[in-house]
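Read through the structure below, which is laid out as structure tokens, and then see the notes.
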Amino acid sequence: MSVYSAPGVYIKEESWGARPIESVGTSVAGFAGVAPDPSKNLGVPTVITNWSQFLERFSKEGAASTLLARAVHGFLSNGG
């Protein structure tokens, strides 16, 4: 039997049953939506590290007017 000497949160792991969810990294974001030029890279996961890469890979003639483009721009502009 456990003894609790102060108020707080205590974790007691049992050796039976389902295992607890382990921590994972949260430094990767994923976006899904309609790209300015959806014919490019259709259905292919693509790593994008800056705004110019997004425009090059997913837009036609530098135009970015979809909600996806605005979300990616906002994410990248704020240090994402």
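Some notes on this structure:
- Length added when fully stretched, R57-F31, from 0.36 nm per residue minus Cα-Cα: 7.9 nm
- Here the calculated FRET efficiency for K40 and E14, from their Cβ-Cβ distance with R0 = 41 Å, stands at 0.20, rounded to the nearest 0.05.
- Taking each residue as 0.36 nm, the span from I21 to V47 lengthens on full extension beyond its C-alpha to C-alpha distance by 6.7 nm.
Values in this text are rule-based calculations from the coordinates and carry no lab data. Since the model is a prediction, treat every value here as computed from it, not as a measurement. Note that each Cβ is placed from the backbone with ideal geometry, even for glycine, and that neighbours are counted across all protein chains shown.
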